Every structure is written in C-alpha cells, then in structure tokens.
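Single-structure report; data block below.
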Amino acid sequence: MKQSLAKWLDSLGVLSLSRTLHRYRPIILMYHRVLDNEFIPGVTPEIFELQLRYLKKHFNIISMNQLVFDIAHNKVQPYSVAITFDDGHQDFYDNAWPLLRNYSVPASLYVTTGFIDKQCWLWPDYLRHILMNTDAEGVRIPNVGILPINPDQLLNTWSAIGDYCLKLNSEDRWPFLRELSVDLGINRESNPEPPFAPLTWDQLRSMHKEGLDVGSHTVSHPILSRLEKDKLRTELVQSSIRIEKELGARPTGICYPNGLAQDTSQVVEEHARQLYRYGLVAYPAQVSPEKIMHLGRWAGPDSLLRFKQVMSGLTWNDNHLGEYR
C-alpha cells in the first residue's frame, strides 16, 4: 500500500514539491552494506548507483565536515546532503567506493578499529555467521522460545535473537554468542570471512588518499552509554589514535555504535566532544548547532522509490530501528 501511494504521489509531482519545500533541511544519509545478499540487509550496487544519480541531479552533495561547519555557523545551503557509511566491511571497497569515485561524490566511513585489525567480529555479523552455517533446524533462546532456522525464517530468527542480544551487556553478550555457536555446531571462532570480512588498512589508506573521510566507530562496537567511564574513554581515545596512526590524519567525527537515543548519553557526548568535532546517531534526530554531538541520520533505503520519499521529506515512521538492523 505504501509503495502504491508513493508511486501515485510521485506521478502527481508531490515528491518534487515536498523536496522543494524541505530544501533547507540538511540530510545525513546512513549506509552499512552495498551488496546483493538475501540474508544480509543492504543496498544493492545497482540501487545505490541509481540513488547517487538522483542525488547528483536534485541535491547538493557535500562532505560531512563541510555540512558540520555549515550547521555550526547557521549557513546550511539548500538541498544539502552528506553520505555516511558505518563499520568498514570489504564490500565498501569493492562496491560502494568505485561508484562514489565515479560520480565524484564525497563520503565518510566510520570504522570499528578492532574489526579492521581482525581482533573482533561485529556481533550482528557473528550471529548471522552462526545461523547461516549451522545444520540445526531450530534453537531455544532463554525468555524467547524455540526459533526455526531455515532460509525462509532466518532473518526473523536473527532479528529475534538480535533483540535479545541488545538487552545484554557486552560482557554477557559474547559468552552467550559463543555458547550459541557451540550449541549449533559452529565450534571454531575464525576471523571474519566474506561476506563479513573487514577492509584492510592498506585499502583505507588508498581510499583516504583519493578523498575518503574516515571517522571513528569505536574500537569494539559496544553500546557506549552502558560503559564505565574508563572503558568509555578507552573506546573513544584508542580508536582515534589507531586511525591517526594508520592514515596520518586525526578523525574529526564519531558514529555511536547502534546509535539509538538510549545508546548514547550526555556523559558519552561530553567525552566524545573532547576528541571529535561532531557525533552521529542512527535515527532521524534533530540536526542543529545545539545537537552537533548528536546529529540524526536517515538510513539509505533499498529501493529508489523509498529513497525519493526520504529525500523529499515524505516518510513513514519506520526509520528508528538503530544500525544493527
């Protein structure tokens, strides 16, 4: 129904009119994966290219650093949009960066340095890895129930277990996932492999020299609002140090892991402000000078029509699930 309504509005020119009316609304787009995999949410390269063409035609695509400057000085230009990516998966280098470079579009990528160093998995990836490789037909999760594991139900099962994992502290989440992997017959905790492999520092250096802006997504991707101050400081400081050491440039921005309102806090943002010029969340929070350490983003949809809705300002309230989705 929503798709039909959107097509009707687009045919009437309503999306174009709304885009004009919202032209002074700065938009920060959020992406994670650019790939074609039925079990991994993302945007296909073909759809991503169509979205870039649409942006080049109708919007003023600028860097995050330029947008942050404009926001801070109340100088936001009409149709301003910035493009951001989280985590640092290999498909950014393989699929996203060639398109961004081909269309001369600036972008920022916020990397989890422990992931790049192959010191840790991103836990949503590890959960997918377990479910995609087990021979088990189902699994019992405490306080959740028995969940099926088959191609038709895999994403729903992943989502249900993911919701359960979000309720756990980092200290409890990984023991749970390791126990789950043993229960489901995945006994070897290897380094992330395709389709979950990280970028390398050599690839990041190459892209950085070509214009890619690289920011922090912490060291190990914890929910920062749940950390003690010493651990919080370590995640913020060490990720910045690691990026500067490898790329020769200090990161100017940080993207808070998971990125919902409850995943950051005044304490987190005060500590982040000491190291970074701005902070990003993963839902459409207010974008204003007063919220420079808590700037909202819109997820890049996996269809061109839905993308047009987001960019026009005509959206339904389904963009609030946090980045782990």
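The values are calculated or read from the model by the stated rules, or taken from the named source; none is laboratory data. Nothing here was measured: the structure is a model prediction, and the numbers come from that model. Here Cβ is always computed from backbone atoms with ideal geometry, including for glycine, and neighbour counts include all displayed protein chains. For the accessible areas, the whole protein counts, side chains as well, though only heavy atoms, and no ligand, DNA or RNA atoms are used. Shrake-Rupley method; radii C 1.70, N 1.55, O 1.52, S 1.80 Å.
Solvent-accessible area per residue in segment 158-278 equals 48 Å², computed with a 1.4 angstrom probe and all protein chains kept. Considering only 84, 32, 138, whose Cα is most displaced toward the positive end of the charge dipole of segment 1-158, charges sitting on Cβ of Lys, Arg (+1) and Asp, Glu (-1)? Checked the options; the winner is 84. Compactness of segment 194-325 is given as radius of gyration and Dmax, 15.8, 45 Å, from Cα positions. How big is the gap, in Å, between the Cα center of segment 74-125 and the Cα center of segment 161-186? Between the Cα centres of segment 74-125 and segment 161-186 lies a distance of 27 Å. Computed from Cα atoms alone, the Kirkwood hydrodynamic radius reported for the chain is 20.5 Å. The lysine pair tally for the chain, using Cα distances under 14 Å and a gap of 8 or more places or different chains, is 4.
Choose one of 122, 305, 256: the residue whose Cα lies farthest towards the positive end of the charge dipole of the chain (beta-carbon charges +1 Lys, Arg; -1 Asp, Glu; about the Cα centre). Most positive-ward Cα: 305. Of the listed residues 23, 306, 140, the order by accessible area with a 1.4 Å probe, largest first, is 140, 23, 306. Please give the charge dipole size of the chain, origin at the Cα centre, charges +1 on K and R Cβ atoms and -1 on D and E Cβ atoms. Round to the nearest 20 debye. Value, rounded to 20: 1280 debye. Out of every Cα-Cα pair that segment 5-103 contains, those further apart than 18 angstrom amount to 55 percent.
Shown for segment 177-245 is the translational diffusion coefficient from the Stokes-Einstein equation, using the Kirkwood radius over Cα pairs, a temperature of 20 °C and a viscosity of 1.002 mPa s: 145 µm²/s.
Taking all protein chains as they are arranged and a probe of 1.4 Å, the heavy atoms of residue 118 leave approximately 110 Å² accessible to solvent. Per-atom-type breakdown for segment 231-304 gives carbon and sulfur 47% of the accessible area (1.4 Å probe, protein chains only).
For segment 145-230, GluC sites (Glu not before Pro) meeting the loop criterion (DSSP other than H, G, I, E, B) and having at most 15 other Cβ atoms within 10 Å: 189, 210, 228.
Around the Cα centre of segment 182-284, unit charges on the Cβ atoms of Lys, Arg, Asp and Glu (plus for the first two, minus for the last two) sum to a dipole of about 320 debye. Only helices enter the 222 nm calculation for the chain: every DSSP H run of n ≥ 4 contributes -39,500 (n - 2.57), and dividing by all residues gives -12000 deg cm²/dmol, rounded to 500. Under 5 Å between amide hydrogens, built in the peptide plane, is the criterion, and for residue 298 it picks out 28, 29, 30 among residues at least 5 positions away or on other chains.
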